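*Asks:* Next up is a structure, given as structure tokens.
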Amino acid sequence: MSVLIAIAAFFLVAVLVFAIGSLLDQRSAQARLIRERLATVEKSAERAPSEELALLRDEMLSKIPALDNLLRRSAQVSSLQTLLAQADLGIRAGNILILCVVSGVIFGTVAVVVTASMPAREATFTRVLGLVVGTILPYWYASYRRNKRFQRFEELFPEAIDTLARAVRAGHAFTTALELIANEISEPIATEFRKLFEEQKFGLPVRDALLNLTERMPLVDVKFFVTAVMLQRETGGNLAEILDNLSYVIRERFKILRQVRVYTAQGRLTMLLLMALPPIIVVIMLVMNPAFISPLFSDPLGHTFLVIGITLQTIGYFVIRKIIQIQV
């Protein structure tokens, strides 16, 4: 007990010292960033006229210089930063990692306090579980926000395409119609199309700006839209008619997806019942007849059955999920 409290205190003190050091190092970090940008400008001026120049975008993974340099070496952290940007959380990857550590320490400490009177094995399992849940909770929330934002984008995307088609048919240029969508359609369509409009406005080719949109929103409908627009710009054709057909295809696809959800409702309900039934039965038995269910947690053979049961539950979940997931 005292060892765990000492470890928790060490983590809290380390985080506090790290935060104080980062605050003291903010001014030097800003000066370093300015020097790097000036050096980049000087190197660009020294290039040959025929050398292709590219727009550089500085994406800091953390405001703490040492942590930022460390995180830039990992491709997984860069993917995490992309996920946070897609979730529109406005937080850096370094901050979310620190938040995961702090959350894990808090949940682990609470588990230590709660399980102080429990037997050693059950207490150890509960503490490890609390630590793991607390660590992954911020990442799970970011993933949840990302998925909800993607769903909202897909719902509004046909309306945005219709608005773009009407604007093109009325005589507006394609780039001007993008600004119109950013001003007329609600979030998250407005934010993504405003970024698309501003990127091409500040000199990025329209093709590259459209490809950046597919990176920010890796959805099938967005890829269809970008492919159709790029083909029309290269080969010609009636853009308004192409957009109308694309909007119709996307709406029909949503109609089929809703029909699929109706047809797979029984499978999803079966999965929910099979996953929820064993834990509910265990909790009911713990309340009504603890002596009957206690060997499951106190006996080594019971621990083996628990591991087997959880493993089979997990396998069954993924099998049923694979069956009911139908790509349209």
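Every number here is computed from the coordinates shown, using simple stated rules; none is lab data. Model, not experiment: these values are computed from the prediction. Quick reminder, even Gly has a Cβ in these numbers, built from the backbone with ideal geometry, and neighbours come from all protein chains shown.
*Asks:* For ALA116 and GLU159, what does the FRET efficiency come to when R0 = 56 Å and r is the distance between their Cβ atoms, rounded to the nearest 0.05?
*Replies:* 0.50
*Asks:* Let me ask you something else. Based on the alpha-carbon gyration tensor of the stretch 149-239, what equivalent-ellipsoid semi-axes (square roots of 5 times the eigenvalues) come out, in whole Å, largest first?
*Replies:* Values for the stretch 149-239, descending: 18, 15, 14 Å.
*Asks:* Pulled fully out, how much extra length does the chain show between TYR248 and ASN183, if you take 0.36 nm times their separation in residues and subtract their Cα-Cα distance?
*Replies:* 21.1 nm
*Asks:* Sticking with this one: Can you list the HN-Hα couplings for the stretch 144-156, worked out from phi with the Karplus curve (6.51, -1.76, 1.60; θ = phi - 60°), rounded to whole Hz and with x for Gly and Pro?
*Replies:* 5, 4, 5, 5, 5, 5, 4, 4, 5, 4, 5, 5, 8
*Asks:* Let me ask you something else. Round to the nearest 0.05 the FRET efficiency obtained for THR176 and TYR317 when R0 = 45 Å and r is the Cβ-Cβ distance.
*Replies:* Given R0 = 45 Å and the Cβ-Cβ separation, E is 0.35.
*Asks:* Compare the peptides 283-291, 182-190 by average per-residue count of other Cβ atoms within 10 angstrom and give them in order, highest first.
*Replies:* 182-190, 283-291
*Asks:* In nm², what is the average projected area of the convex hull enclosing the Cα atoms of the stretch 89-147?
*Replies:* With every direction weighted equally, the projected area is 4.2 nm².
*Asks:* Same structure again: Please report the Cα spread of the stretch 218-328 along all three principal axes, rounded to whole Å, starting with the longest.
*Replies:* Taking max minus min along each principal axis of the Cα atoms, the stretch 218-328 gives 77, 25, 20 Å.
*Asks:* Which pairs in the list LYS195/LYS322; LYS148/LYS223; LYS255/LYS322; LYS201/LYS223 are over 26 Å apart, alpha-carbon to alpha-carbon?
*Replies:* Beyond 26 Å: LYS195/LYS322.
*Asks:* Could I ask something else about it? Measure off 7 Å from each Cα along the Cα-to-Cβ vector at GLN259 and GLN325, then give the distance between these two points in nanometres to one decimal.
*Replies:* My value for the distance between the label points is 2.3 nm.
*Asks:* Using the C-alpha atoms of the stretch 155-297, what convex hull volume per residue, in cubic angstrom, is computed?
*Replies:* Convex hull of Cα atoms, per residue: 170 Å³.
*Asks:* Then there's this: Quick one: if you stick a label point 7 Å off each Cα along the C-beta vector at LEU137 and MET288, how many nm between them?
*Replies:* Each label point is offset 7 Å from its Cα along the Cβ direction, giving 3.2 nm.
*Asks:* Here's another thing I want to ask about it. Between SER79 and VAL206, what FRET efficiency comes out of the Förster formula 1/(1 + (r/R0)^6) with R0 = 22 Å and r the beta carbon distance, rounded to 0.05?
*Replies:* FRET efficiency, VAL206 to SER79: 0.25.
*Asks:* Ok, one more. In a solvent-free Debye calculation with one equal scatterer on each Cα, what is log10 I(q)/I(0) for the stretch 67-222 at q = 0.08, 0.10 Å⁻¹, listed in the order of the q values?
*Replies:* Reported log10 I(q)/I(0), two decimals: -0.37, -0.52.
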